[in-house]
1. Which one is surrounded by the most Cβ atoms within 10 Å (Cβ to Cβ), of the residues in segment 33-84 that are of a type in the set (S, T, Y) and part of a loop (DSSP other than H, G, I, E, B)?
2. Counting only residues that are more than 18 Å from the chain's Cα centre (by Cα) and of a type in the set (S, T, Y), which one in segment 80-130 is farthest from E9 (Cα to Cα)?
3. All but one of (1) touching a residue at least 60 places away in the same chain (Cβ under 8 Å); (2) of a type in the set (A, V, I, L, M); (3) farther than 21 Å from A138 by Cβ hold for A43; state the number of the condition that does not hold.
4. Can you run down the residue pairs with Cβ atoms below 8 Å, 6 or more apart or on separate chains, where the first is in segment 85-114 and closer than 22 Å to R126 by Cβ and the partner is hydroxyl-bearing (S, T, Y) and away from the ligand (no atom under 14 Å from the Cβ)?
5. Taking into account only those residues within segment 29-70 that are within 13 Å of the ligand (Cβ to nearest atom) and of a type in the set (S, T, N, Q), which is nearest to R85 (Cα to Cα)?
6. Quick one: P30 ticks every box in (1) buried (at least 18 other Cβ atoms within 10 Å of the Cβ); (2) in contact (Cβ under 8 Å) with a residue 60 or more places away in the chain; (3) of a type outside the set (A, V, I, L, M, F, W, C) bar one, so which box is it?
7. Considering every residue within segment 86-105, establish whether at least one is of a type in the set (S, T, Y) and over 20 Å from L21 (Cβ atoms).
Amino acid sequence: MWTTGPIDELVHASTAALGLLVLARLIDAPRRFYVAALIASVAIDLDHIPLYLGLLGYQAQRPVTHSLSTVAVFIAASTASRRHRAVLAGLSTGLVLHFARDLAEGYPGVQVLWPLQGNSWMVSYRWFLGMIIVFTVARLVLVSAGLPHTRIPAFRTPSPSGSIPRFPGRPATSGDRRSGLEPLGPDLEAARGSGMPSGGQVTVARRRVPGPG
Ligand SMILES: [Zn+2]
């Protein structure tokens, strides 16, 4: 355990990060969502500690907290708590990504549907290979094609006025946004020289100044 454990957790975190990179192309979620997902993708294995300490006697199975019941608890909590929704939804996502990989780790498998069903589920190691390939290809295709044009806003806390602060037709990444700017005009250069704040610069950059003739 001391030799393979750290590598196993590193691979769990890397796999989850790969999945989250795909998700980040599709949804516009706050950073705490992704941090929570990464932490959960590793921290769920802390439930093995009582087993390793011999507190639960001999058990052939992974702890039952390694099941969709745990995911359901966090999803229920996220629907109940508006304030912590992003973090709780992130934890649920991280758990799903963790269990998806545990399934392919061979014996003893995962009791996915506990307590409805006590059977352990196992899949071939190719499942894990497939996860890596699908996540990587999906991310590369979406980034190179610049898709989607707009991301779905998720878990954003509404501003005091009740609206979500967002630009219409906002591109998926800040890089895309930067490339969409019009060339700097002479009045923008003048504005820069006068020390105008950046908000003013964008306004000036979008105004077209008719040229002579
Ligand atoms: Zn695990």
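No lab work stands behind these numbers, since they all come straight from the coordinates. Computed from a predicted model, the values in this text were never measured in an experiment. Neighbour counts run over all protein chains shown; Cβ positions are idealised from the backbone, glycine included.
1. Result: S67.
2. S81
3. The failed condition is (1).
4. Qualifying pairs under 8 Å: A104/S124; A104/Y125; G106/Y125.
5. The residue in question is T70.
6. So P30 meets the others, but not (1).
7. Looking through segment 86-105, none of the residues is of a type in the set (S, T, Y) and over 20 Å from L21 (Cβ atoms).
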